[in-house]
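Novice: The structure is given below, and queries will be raised subsequently.
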Protein chains: 2
Amino acid sequence: MMAPTLGGSDDVLLPDFPRGPLQAYRVRASFSWKELLLFLEGEDVLRFKKAVFTALENDPLFARSHGADLSMEKYRELNFLRCKRIFEYDFLTAEEMLKSPLKVSVLIDCLGMYDWSLAAKYFLHMLTFGSAIYSSGSERHFKYIQKIFNMEIFGCFALTEVSHGSNAKAIRTTAHYDPTTEEFIIHSPDFEAAKFWVGNMGKTATHAVVFAQLHTPGGQRHGLHSFVVQIRDPKTLLAMPGVMVGDIGKKLGQNGLDNGFAMFHKVRIPRQNLLNRTGDVTPEGTYVTPFKDARQRFGASLSSLSIGRVSIIGMSIVNLKLAVSIALRFSATRRQFGPTDKEEIPVLEYQMQWRLLPYLAAAYALDHFSKTLFLDLVELQQGLLGGGHGARQAELGREIHALASAGKPLASWTAQQGIQECREACGGHGYLAMNRLGDLRNDNDPNCTYEGDNNVLLQQTSNYLLGLLARRVQDGARFESPLKTVDFLEAYPDILGQRFVGSSVADCLDSAVPLAAYRWLVCYLLRESYQKLTQEKRSGSNDFQARNDCQVYHCRSLALVFIELTAVQRFHQHVHHPSVPPSLRAVLGRLSALYALWSLSRHAAVLYRGGYFSGEQAGKLLESAILALCSQLKDDAVALVDVIAPPDFFLDSPIGRADGELYKNLWTTVLQGSNVLARPSWWPEFSANKPAVGRLRSKL
Amino acid sequence: MMAPTLGGSDDVLLPDFPRGPLQAYRVRASFSWKELLLFLEGEDVLRFKKAVFTALENDPLFARSHGADLSMEKYRELNFLRCKRIFEYDFLTAEEMLKSPLKVSVLIDCLGMYDWSLAAKYFLHMLTFGSAIYSSGSERHFKYIQKIFNMEIFGCFALTEVSHGSNAKAIRTTAHYDPTTEEFIIHSPDFEAAKFWVGNMGKTATHAVVFAQLHTPGGQRHGLHSFVVQIRDPKTLLAMPGVMVGDIGKKLGQNGLDNGFAMFHKVRIPRQNLLNRTGDVTPEGTYVTPFKDARQRFGASLSSLSIGRVSIIGMSIVNLKLAVSIALRFSATRRQFGPTDKEEIPVLEYQMQWRLLPYLAAAYALDHFSKTLFLDLVELQQGLLGGGHGARQAELGREIHALASAGKPLASWTAQQGIQECREACGGHGYLAMNRLGDLRNDNDPNCTYEGDNNVLLQQTSNYLLGLLARRVQDGARFESPLKTVDFLEAYPDILGQRFVGSSVADCLDSAVPLAAYRWLVCYLLRESYQKLTQEKRSGSNDFQARNDCQVYHCRSLALVFIELTAVQRFHQHVHHPSVPPSLRAVLGRLSALYALWSLSRHAAVLYRGGYFSGEQAGKLLESAILALCSQLKDDAVALVDVIAPPDFFLDSPIGRADGELYKNLWTTVLQGSNVLARPSWWPEFSANKPAVGRLRSKL
């Protein structure tokens, strides 16, 4: 079944796993993990991944130091050196990136599996800083691109300030144009307007794309624009005159990355440093723009916002995959209790592994969503670069904006909750730093916040849906969108009349059942939200207040069920496609059904309330189907992990290694720690300096 | 209203807060925070807390180092020195502890608010190790007590092993008695039986209470017993012969505490080191015990298990209080967006603060549950020390075991989820280490695991309830318990027939409404679980299998709703008691109702399924009542935080300081970091050693 090169001994793309305690589950799997992996990723991507994996694993600079106690200074040095080494490997040339954009995402994933601090440092410079210049600037800025690619300069993206994040339009840094010297004067009015949280700014960036309110002579304001500002001297890494730049300090995670702040004291930069794609200032100080109004200009930047959010979806799913791989391999090898005192069984055998298996299904379903959304975005970007500004292009931009704005919350929250569940499922051993679940939780956490707070972002999606309904109600417009995610709403009155019809567990074991329920849910919550919004406005609330007062239990839920439906729908179609090899259909179908039913079960109260469910039976069927699927997937769980887990070196968790030698790996790693058996350096503090009990009591 | 000493200038027990941005909310509060604090805690406890707070804040050894990058070695040294200093303060003498046990809990809370590593180091030695010897040993062991109190020795409690935690009965360390030398031989058969995770064992403990399987000559086994084993020389802190003892390495949190492992190679200890309250070995090697069988002996240790779990409930609630204090003060001072571009409003004004306010209510409700359960436990312990072994005493022990076993999951999960929500609600600033939400999350996390995995523990509680029902069904026994938490079940057929009757939001604003729903839920899930269990057994499952297959959606949910009911019930009674000052009734009533309704809302699907709820109205009323209560509590939120937040020095979060000067405090703390503005020590790696792009590409 495999191509010869896949199994050959010289160039083994997918080597067999070492025999060991996981074998018992591997032999019970209903499918070949190699076949599934090839089906999902394709040989080209697998070869590329293998090249990256092999290079880093063989390079001593990337040696792992399991749960070691690195100082921040040392960690950052290592991270910087590793980032530099990535330039030397040059895994993807600029041409290759253009030819195969998916590989950019694969490369980021691989670096992230190694360490998110490394991935972030690299892509904040290359992609975030680089593409901000490329897509917001013009030919006069392309000189920076070469300097970015050879690390002559190092870049960062400076938008957020101490007192403003979500409300980016209220950024307070100013850029006043001075026609006498043809310069902009970049200025921070006070420390609350200091740029803050900027990745790479803390210690290493020499240049920043700085967002500031543009003022031209005569007191004219033109809103937020971006400027290239040199903040450090590349020869010395010392700050430029007028720039106070520093490090914001230790974070909950990603401490290999230097997040920083900067205050600008009347820093002068050449006129040409304005990134002028959406607006420019003439040497004399006249503002010129191809856009008619500021709102339209702001809208034009939507697609660049989507890039960040779609990337975060991918990052979150990588974290979820790593965590479930660790926890399920642990569960398959950890034995505790049993039917008799003599015999203990793997904890994976317990019904309570319902806590983990849905997250495995989520990893598969959301990974597919992440990849397809990335490809949608590539289509959008290529359209834009090709000069596409038509109506379809604009609609596609809005739809992807809506999907990315809710997809990021869905993916980052699912990962965050999943990692926590995995941590707990591994018990005390999950609380040991060397097993990596803590780093995953800490490194994933900001995915819930940056590029838009999750709850704030969800409003973008509900606004999109409510806007479609308003156009429908007011103008009779059709529900349709380029990616067809909203087209089903055309039937919304019919859908609202539908009811759950399952009568046995067997009826519910396909994702078609939850899909129908999800379509009803979106229609129901869309109607509820629209009515609530209308009612709030009628009772005298202004638009701002009315929208705020419709979030909880209405718009927020609407955005979530819509994005869950979209993810479920895409994975359902994928696993039911004729191209799926017959041997893989059963297991993929179960994953799709489990993710869909489990997600749906959190909305059971709404299904009942709105009448889609009625009677005791419906809710019980849902629960029984979830448990039945968990039970069916239990014996496939280890093989499903084998498909999504990276090599041991990248998974980097003694309790999650592919050989399943849980305790040997754990014990050995403990003993490899530094000074494990040594007494503490301060031992005389115990032995000699005994406390005088109560000596200080009189002082109380 | 206040006693003069409370407001006097020399000895101010409750000083006013500094004026500042939080003032706007403080003046809007419906009650006096000082009055509420005095009502909840009483002057005696407040004076004691103040003494502890003042002592530590004025002692340079306890100086805070906000989010600093301490090495583990340095952190542990500091933590040890601070622990020693606590002995010198001697805040509570042994007599005071016996006289006022609640103050022991208050002291632990205060130390925990400072740093859980310190609290854990202190109480693992003094209380866990100390009380293991005191309550499991006999007079021959009391010599250790004085050595514990003056730190001549340092102790740890060694139960769990590399391969056994939850299933403690399967512990594999052995203790063979050798009558020729009158010694026990403590032995670890292999590294999987190494003691592991033991707090204080990593670097500092000189003595351990070691649990091992007792064997006497002739091959007789007597199950798990505990022994005092010296593991290090107090003069040198070097390991004793035959003991391999070391540190398990970095953890996700609590890294000031040294968790360790130990393997014993035929280590001989005197016969007297057996802690012999439940069983002893004569010099000749005969086993003698006052208990008839091993099960009964195991049962006798239940109350000591409850001590740990009840303590963890308290620890979790401290963490929840700290986190909501930080997040709500941040929300009251952070402004973002507004009705116009000119004016921004505090994020606390948004409906979305529904994400935080229920956790504030939970902190109040569960704090009361925690305190009352602690006092119940004190009653149990005092009864045991008084020689009480009657039926009521045994029943009380079982009831408290059931409450503690589900109370720990409820409290630790609520805290863990609440801290995560608080982290996200503080956005990027919540992700800065200095603001402490990361440490709170990391330090709280093990509360979900140690002293029993949460999901495993919940089975203890459902088993208790199912046992009562079985006795009722089989023997007609009454539902009654010493603390009366199960007495309402006597009416369970009636309760199952009840239905939700509210018809307006106003009807639902008292916790009596969710209380009635909770009673129905417990009855419903008890019946469902019992039927499911019976059915599993009937279809041929053995007891072990049947119980496992009833956990998800049945027994697990049953245990959770039972403990939520108990917590809601206790707080409801407390806030409706005639002793509540009239000026506090409204706000306390709202807290009680909000916690109850919000907790209940997670079970709405079951309420519908079982027919307690029907129609769209019921679910909507529940949601509307939650939002109405959030809205009513918004203006009281800052004052409610003032009641539960410790002094700034203990809260230790720039964004959560009592003066509300969010940005000033944040900015100043950033600038106080080390080397904030300095270039990295490795700057030439950027400036001089440029990467040769693609140099290593050929190696791929």
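Novice: With θ set to phi - 60° and the Karplus curve 6.51 cos²θ - 1.76 cosθ + 1.60, what are the ³J(HN,Hα) couplings of region B:674-686 in order, to the nearest whole Hz, using x for Gly and Pro?
Specialist: Per residue, the Karplus-derived 3J(HN,Hα) values read 8, 6, 4, 9, 7, 6, x, 4, 9, 4, x, 4, 8 Hz.
Novice: Also, I was wondering about something else. Just checking the output field for B:332-344: average partner chain Cβ neighbours within 10 Å of each residue's Cβ?
Specialist: Mean shielding count: 3.
Novice: Would you mind checking which residues have amide H under 5 Å from B:GLY260's amide H? H placed 1.01 Å from N; only 5 or more apart, or other chain.
Specialist: For B:GLY260, whose amide H was placed from the backbone, the distant partners under 5 Å are B:TRP197, B:VAL198, B:GLY199, B:ASN200, B:MET201, B:GLY202, B:ILE248.
Novice: Follow-up. For every other residue with a beta carbon closer than 15 angstrom to the beta carbon of B:HIS577, add +1 if it is Lys or Arg and -1 if Asp or Glu, then tell me the sum. Let's see the in-between values first.
Specialist: Details: positive: B:LYS371, B:ARG570, B:ARG585; negative: B:ASP510.
Computed value for this residue: +2.
Novice: For B:LYS99, go through the aspartates and glutamates and keep the ones whose alpha-carbon is under 15 Å away, minus same-chain ones fewer than eight residues off.
Specialist: Cross-link targets: B:ASP44, B:GLU379.
Novice: Which of the peptides A:224-230, A:324-330 is most tightly packed, and how do the rest follow, judged by the mean count of other Cβ atoms within 10 Å per residue?
Specialist: Per-residue Cβ counts within 10 Å, averaged per peptide and sorted highest first, yield A:324-330, A:224-230.
Novice: What whole number of Å gives the distance from the Cα centroid of region B:626-651 to the Cα centroid of region B:505-546?
Specialist: 34 Å
Novice: Give me the percent of the accessible area of region A:210-258 that comes from carbon and sulfur atoms, probe 1.4 Å, all protein chains in place.
Specialist: Values: 920 of 1670 Å².
After summing per-atom areas, the C and S share lands at 55 percent.
Novice: With point charges of +1 on the Cβ of Lys and Arg and -1 on the Cβ of Asp and Glu, referenced to the Cα centre of region A:63-177, which listed residue (A:SER131, A:MET72, A:HIS141) lies farthest in the positive direction of the dipole?
Specialist: Positive-end residue among those listed: A:HIS141.
Novice: Continuing with the same structure: Need one value for A:550-559: mean number of C-beta atoms belonging to other chains within 10 Å of its residues' C-beta atoms.
Specialist: Partner Cβ neighbours, averaged per residue: 3.
Novice: In a shell of Cβ-Cβ distance under 11 Å around B:VAL27, excluding B:VAL27 itself, what net charge do Lys and Arg (+1) and Asp and Glu (-1) give? If you can, show how the numbers build up before the last one.
Specialist: Numbers: positive: B:ARG19, B:ARG26, B:ARG28; negative: B:ASP635.
Once positives and negatives cancel, what remains is +2.
Novice: Could you state the accessible area per residue of chain B in Å², with a 1.4 Å probe and every protein chain left in place? If you can, show how the numbers build up before the last one.
Specialist: Working: 25550 Å² over 700 residues.
Result: 36 Å² of accessible area for each residue.
Novice: About the Cα centre, and with charges only on the beta carbon of Lys, Arg (+1) and Asp, Glu (-1), how big is the dipole of region A:228-366? Nearest 20 debye, please.
Specialist: Its charge dipole is roughly 340 debye.
Novice: How many nanometers, to one decimal and shortest first, lie between the label point of B:PRO18 and those of its other copies, if labels sit 7 Å from Cα toward Cβ?
Specialist: 5.8
Novice: Output ³J(HN,Hα) for region B:498-504: one whole-Hz value per residue in order, computed from phi by the Karplus curve 6.51 cos²θ - 1.76 cosθ + 1.60 with θ = phi - 60°, and x for Gly and Pro.
Specialist: Each residue of region B:498-504 in turn: 6, 9, 5, 10, x, 10, 9 Hz.
Novice: A further question follows. What are the residues of region A:664-680 that lose 40 Å² or more of accessible area, with a 1.4 Å probe, going from their chain alone to all protein chains?
Specialist: Output list: A:TRP667, A:VAL670, A:VAL676, A:LEU677, A:ARG679, A:PRO680.
Novice: Quick one: putting +1 on the C-beta of Lys and Arg, -1 on the C-beta of Asp and Glu, what dipole do you get for chain B around its Cα centre, in Debye to the nearest 20?
Specialist: Details: 75 positive and 70 negative charges, 289 e Å.
Approximately 1380 debye in magnitude.
Novice: Still on this structure, I have one more. So the label point sits 7 Å from Cα along the Cα-to-Cβ vector; using that for B:ALA94, what distances do you get to the other copies, in nanometres, sorted shortest first?
Specialist: In nanometres, ordered from closest: 7.9.
Novice: Hey, if you put +1 on the Cβ of every Lys and Arg and -1 on every Asp and Glu Cβ in chain A, which of A:GLY219, A:PHE571, A:GLN381 ends up farthest toward the positive end of that dipole?
Specialist: A:GLY219
Novice: Determine the total buried accessible area between chain B and chain A, counting protein heavy atoms only with a 1.4 Å probe; round to the nearest 100 Å². Present the calculation step by step, with values, prior to reporting the outcome.
Specialist: Values: alone 32040 and 32010 Å², together 51070 Å².
So the buried area, both faces added, is about 13000 Å².
Novice: Right, next: Which of the DSSP-defined H helices in chain A satisfy a minimum axial length of 15 Å, computed from C-alpha atoms, and a minimum mean Kyte-Doolittle hydropathy of 0.0?
Specialist: Long hydrophobic helices here: A:101-114, A:302-333, A:357-385, A:556-575, A:582-601, A:615-634, A:662-672.
Novice: In peptide B:319-329, how many Cβ atoms from other protein chains are near each Cβ within 10 Å, on average? Intermediate values should be presented prior to the final figure.
Specialist: Values: counts 0, 0, 0, 0, 0, 0, 0, 0, 0, 0, 0.
Mean shielding by partner chains, rounded to a whole number: 0.
Novice: Ok, one more. How much net charge surrounds B:ARG271 when only the other residues with a Cβ under 14 Å from the Cβ of B:ARG271 are counted, with Lys and Arg +1 and Asp and Glu -1? If you can, show how the numbers build up before the last one.
Specialist: Numbers: positive: B:ARG140, B:ARG268; negative: B:ASP178, B:GLU182, B:GLU183, B:ASP280, B:GLU284.
Result for the local shell: -3.
Novice: Let me ask something else about it. Rounded to the nearest 500, what is the protein assembly as shown's calculated 222 nm mean residue ellipticity when only DSSP H runs of at least 4 contribute -39500 (n - 2.57) each, over all residues? Numbers along the way, then the final one.
Specialist: Working: 56 runs with 723 residues, N = 1400.
Rounded to the nearest 500, the figure is -16500 deg cm²/dmol.
Novice: List the aspartates and glutamates whose alpha-carbon lies under 17 Å from that of A:LYS292, not counting same-chain residues fewer than 8 positions away?
Specialist: By straight Cα distance, A:LYS292 reaches A:ASP280.
Novice: Relative to the isolated chain, which residues of region A:35-70 have their accessible area cut by 40 Å² or more in the presence of all protein chains (1.4 Å probe, heavy atoms, no ligands or nucleic acids)?
Specialist: So the qualifying set is A:ASP69.
Novice: Just to confirm the numbers: A:SER583, label point 7 angstrom along the Cα-Cβ line, distances to the other copies in nm, shortest first?
Specialist: 7.8
Novice: Here is a further query. Taking a threshold of 27 Å on the Cα-Cα distance, which of the pairs B:LYS371/B:LYS484; A:LYS321/B:LYS169; A:LYS532/B:LYS634; A:LYS203/A:LYS408; B:LYS84/B:LYS250; A:LYS251/A:LYS408 fall above it? Intermediate results must be reported in sequence, preceding the final value.
Specialist: Numbers: B:LYS371/B:LYS484 17 Å; A:LYS321/B:LYS169 34 Å; A:LYS532/B:LYS634 22 Å; A:LYS203/A:LYS408 29 Å; B:LYS84/B:LYS250 23 Å; A:LYS251/A:LYS408 21 Å.
Table pairs above 27 Å Cα-Cα are A:LYS321/B:LYS169; A:LYS203/A:LYS408.
Novice: Right, something else. Which distance in Å, rounded to a whole number, links the C-alpha centroids of region B:660-690 and region B:192-231?
Specialist: The distance from the Cα centre of region B:660-690 to that of region B:192-231 comes to 48 Å.
Novice: Let me ask something additional. So, with +1 on the Cβ of K and R and -1 on the Cβ of D and E, and no other charges, what is the size of the charge dipole of region A:330-442 about its Cα centre, to the nearest 20 debye?
Specialist: Details: 11 positive and 12 negative charges, 40 e Å.
That gives region A:330-442 a dipole magnitude of about 200 debye.
The values are calculated or read from the model by the stated rules, or taken from the named source; none is laboratory data. This is a predicted model, so every value here is computed, not measured. Note: ideal-geometry Cβ built from the backbone for every residue, glycine included; neighbour counts use all protein chains shown. For accessibility, only protein heavy atoms count, side chains too; no ligands or nucleic acids. Shrake-Rupley method; radii C 1.70, N 1.55, O 1.52, S 1.80 Å.
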